[in-house]
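Reviewing the structure listed below.
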Amino acid sequence: MRPQATMRCHSVRSTRSPLLSVQFSLVASVKLQTDWPFGVCLSSGSRPRLPTRMALLTPAMVGAPSGLVVRWSRECPAVVEMRQGRSGSPPGLRGPGVTVSWVGSPLRGVRECRFTVSTFRRRLLVGPLLLFGLPACVRGGRTVARAAAKSRARGGSSRASRAGSDDEPILIAAGSEIVGLVLIGLALLATLALATFAPEDPVAELVEVSNSAGPVGATLAGPLLGSLGAGAIVLIAACAFLGGRLVMSQGFPRLFSRFWIGGLLLIPAVAVLPPLLFNLAPETVPWVEPGALGAEGSRILTLLFGSAGALVLTVLFLAVGVLSLTGISTGTTLVATGRAGAWMAGWAVWLVEWLLARVRGLGEGALQLAGIGLVRIGRGLAQLRESATSLSVWWERRARRTRVQELREPEFSFEDASSESAELEAPVAVLGTPDSDPAAARPKKLRAGEEPDIVDHDEQRRRKRKPEQEAFRFNEDGPQGPFSLPEVSLFTAPPAGERTYDRDSLLMNSKILEKKLADFGVTGRVVRVHPGPVITMYEYEPAAGIKVNRIVRLSDDLTMALRAISIRIIAPLPGKSVVGIEVPNPQRETVYLREMLESESFRKTKGALAVAMGKDIFGNSVTSDLAKMPHLLVAGSTGTGKSVFLNSFLCSLLSRATPKELKLLMVDPKMLELSIYDGIPHLIADVVTSPKRAAAALQGVVRKMEERYLMMSATAVRNIDQFNEKARKAIANGEEFFQLKPRPGQTEGDEIEWQELPYIVVVIDELADLMMSSAKDVEESLQRLAQMARASGIHLVLATQRPSVDVLTGVIKANFPARVSFQVSSAIDSRTILDQKGADDLLGMGDMLFLPPGTAVLQRIHGPFVTETEVQSLVSSLKEQGRPVFDEDLVRADAEASLNESRGEEVDEMFDQAVAIVAETRNASISYVQRRLKIGYNRAARIIEQMELDGMIGPQIGSKGREVFLPSPVPDDE
């Protein structure tokens, strides 16, 4: 049965406005079974005669449409659409529409209208109507409409005949269904492509791919995931939803409907949510490709609101989007949930009371006590049910009974927030050294309210340290009697007291690092902290997908955030999946040489060339053996601790080795740093201060190396340790001499006395001065020594304050695997000395980078501090025990170099011939020497002047000839 509806037009009015050409208004009423008022609105259009829109609106009714909309185009057709929505909100498109063709005249003479409606799926559909005398055609097989118009001008009623054509509406309906099916198919194809997406599949290439949707699916899935990430799922679902609406002939939603608003909120919310969750809990949340929208959106939200705030805002967008799409009321849902919970609580109270009635005769047992507790909880829930009349009252009373705890600590506050969770992942585990317990090196699970432990490694070292023993003293017959090693008491003892750490400061810096890196889109956490005497290392574990180079480029920003002088970033730490960030301590601890000499590592190191290098970043003593280096290259700017390190280096050697075990050759062109050691019994020659004498001394050391190799070759040993062992055995057996191999032209080799060979350490304080004056001779000697001197027991220690390529040439660097660099002025100097940057980020005052031999991993060490007073005390103690015994070859070479230096220039190659001519002829004339040697006048004059300086001839006195003091080679006949 089709219900009848009658619409009666009460008035039609036309008005003009300055903005619109013509404005129509119509007041009418419709009767549909019962009196349901309808309002009809006519809005103006661009043409003065015709309205472009008429809306027939109804109250909100469940199961019934709430509006009839008629639109006119410029060609005068009218389109009737069904709209349904709640009263007071823009109605959305629901149900099939009806098309009406305009075939008659405009509104002239219309006073009454009648139309018919039919039912479809419990919804009332306003069919095509004969409105204002216009015939209509029906779209949709089940909808049939007839309408009639009565004209008061003709004075009677007439039945309008059907007019128009049905072809155009049918074609429109079929086109909508086709578009809907296409959208659904595309959604299914995109779903299949995303489900089988593989990153290695090429894009836009007709090749075999692993994607189930083929190359098209790979090309479709790549851009979708790369741009939207998880938001692509929402886009595909929206496409399928629109296709379903078109297939069901419901049409597209309006532009600003809740469908579009919800979709625009859901796509970015779903895209941003996975990366935010992964950043907060990377170990529990799996990694999901965020896409460009998710990555950039999470970065911006984290930058503006922090990690927790960004997550809250994203969840809010997600909830608003879901509510916009579904139309579900939040308040209604919460109230219904609360009432259901209260009902379940009441049921639980009844169940507990029933159980207590069963066990009431058991006395005050444990079960009854537990039941009483449950009854109290149940009665509380029952009161909640009674009072939950509205959501606001329920939530307000709950808030008064429950203290709301903040889930996130305030910025830079380190009070642990309590929560109801059983366990929390520890963000920071403060440790002191990677050599500690392996179980402690892993991040541990901490219960709520607990704090990470700070391990006092000084206390651990004290517990592990064995009782102190008296230092073993070497007694031997020195130049003036038995020789004993210097006492450690000559050096200053460190002040009493234990090193303490400020836990709050360490945790604060950890939070600052995490927050500052997160501001630049680098997510991760500080997993371990190593406090040390001078710096503190923070081990930062970046999230998956973060390149370590991004962290290195943020060095200056982190330095500013931490208010530090400079920081050093090690990306990554060798053998670990973390990045090391070294931050200087607010108060530096002084490393004393006495503490190093008394350390267990120095006492346990065997060999006469043990050197106390200092303390590492964890506070552990570092001891090295110069015999294993075997040569050391030291560089650093002025005032960074290079000279102090050389003094501590020499003090370590002198406090460990006797003059029979160690000989020193010191070259100090600056005449300031090493001259203090002049006169100690370990010297093999006087401290060399002249560059030319230094070149001759190095050549003498080369000859000494060659002599030692001849001795080792004759005794069939490979190094100095084996030779000394063989010499001790030979001396014990009463042997005095051994014979060298014969040289060319000899029948028997020379006999050499058996004796132990001491180590020879050549220390050059400023290499740059030598390279500027005698580069060729110095470089050649250093090259030979560095390549061959290790087995002969000769070691080099070179220091310079200008590590440029003209000083540290490639030949020198290639033979010095062990290097030490103090603070330098630029990264170029750091690469010159260490072959990598990092020395430019040091702190100075003994802070250095040590490159051990055979590795490319730098070790940061804080060198020990030794004062000039301590050095003088050590030197005085050594001088009291004996005088130096110089090597004859080195003394002879030094004397020759001194003679050449006194001449002011190198000796002319024809000087000896000129001396012979003057001695034979007794004529010391410049012109005579010039003619005899066939040389220039200036050259002959220099030769004569050199003879005068050497005392061979007398000075020129007037016109008299020079007196010749040289003996005549031919004896006088007289």
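The values are calculated or read from the model by the stated rules, or taken from the named source; none is laboratory data. Everything numeric here is computed off the predicted structure, so don't read it as measured data. Every residue, glycine among them, receives a Cβ derived from its backbone with ideal geometry; neighbour counts consider all protein chains shown.
A compact table of results
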| item | result |
| --- | --- |
| Boolean, Asp806 is in a helix (DSSP H, G or I), of a type outside the set (A, V, I, L, M) and in the same structural domain as Gly639 (by TED's automatic domain parsing) | no |
| Counted residues, segment 600-636 - those being part of a loop (DSSP other than H, G, I, E, B), of a type in the set (Gly, Ala, Ser) and modelled with pLDDT of 90 or more | 1 |
| Enumeration of residues in segment 567-588 that are at pLDDT below 90 and either in a helix (DSSP H, G or I) or farther than 30 Å from Pro290 by Cβ (or both) | Pro574, Gly575, Pro586, Gln587, Arg588 |
| Output for segment 589-599, where each listed residue is in contact (Cβ under 8 Å) with a residue 60 or more places away in the chain and not in a helix (DSSP H, G or I) | Glu589, Thr590, Val591, Tyr592, Glu598 |
| Number of the condition not met by Ile569 [criteria: (1) in contact with a helix residue (DSSP H, G or I) (Cβ under 6 Å, 6 or more places away or on another chain); (2) surrounded by fewer than 17 Cβ atoms within 10 Å (Cβ to Cβ)] | (2) |
| Hits in segment 554-578 (condition: touching a Leu at 6+ places or on another chain (Cβ under 7 Å) and either more than 30 Å from Val866 (Cα to Cα) or free of Cβ contacts under 8 Å to residues at least 40 places away in the same chain (or both)) | Leu554, Leu558 |
| Counted residues, segment 831-866 - those being free of Cβ contacts under 8 Å to residues at least 12 places away in the same chain and not in a loop (DSSP other than H, G, I, E, B) | 1 |
| Scope segment 624-647; condition touching a strand residue (DSSP E or B) at 6+ places or on another chain (Cβ under 9 Å) and β-branched (Val, Ile, Thr); matching residues | Val634, Thr640, Val644 |
| Residue among Ser210, Ser176 that alone is loosely packed, with under 13 Cβ neighbours inside 10 Å, among the small types (Gly, Ala, Ser) and out of contact with any Gly (no Cβ under 6 Å at 6 or more places or on another chain) | Ser210 |
| The one condition in (1) surrounded by 24 or more Cβ atoms within 10 Å (Cβ to Cβ); (2) among the charged types (D, E, K, R); (3) touching a His at 6+ places or on another chain (Cβ under 9 Å) that Arg819 fails to fulfil | (3) |
| Single residue of segment 638-647 satisfying the filter (part of a loop (DSSP other than H, G, I, E, B) and not β-branched (Val, Ile, Thr)) that is surrounded by the fewest Cβ atoms within 10 Å (Cβ to Cβ) | Gly639 |
| Residue match in segment 648-661 (condition: crowded, with 24+ Cβ neighbours inside 10 Å and in a strand (DSSP E or B)) | no |
| Qualifying residue in segment 240-252 (condition: under 29 Å from Gly306 (Cα atoms), surrounded by 16 or more Cβ atoms within 10 Å (Cβ to Cβ), at pLDDT below 80 and among the aliphatic types (A, V, I, L, M)) | no |
| Search result, residues across segment 780-793 that are part of a helix (DSSP H, G or I) and either more than 45 Å from the chain's Cα centre (by Cα) or crowded, with 17+ Cβ neighbours inside 10 Å (or both) | Ser781, Leu782, Arg784, Leu785, Ala786 |
| Contacts under 9 angstrom Cβ, first residue in segment 929-945 being not assigned by TED's automatic domain parsing to the domain that holds Phe911, partner of a type outside the set (Ser, Thr, Tyr) and assigned to a helix (DSSP H, G or I), 6 or more apart | none |
| Considering residues of segment 801-827 that are β-branched (Val, Ile, Thr) and at pLDDT below 90 only, the residue nearest to Glu673 (Cα to Cα) | Val807 |
| Residues (at negative phi, touching a helix residue (DSSP H, G or I) at 6+ places or on another chain (Cβ under 9 Å) and surrounded by fewer than 20 Cβ atoms within 10 Å (Cβ to Cβ)) located in segment 519-545 | Asp519, Phe520, Ala543, Ala544 |
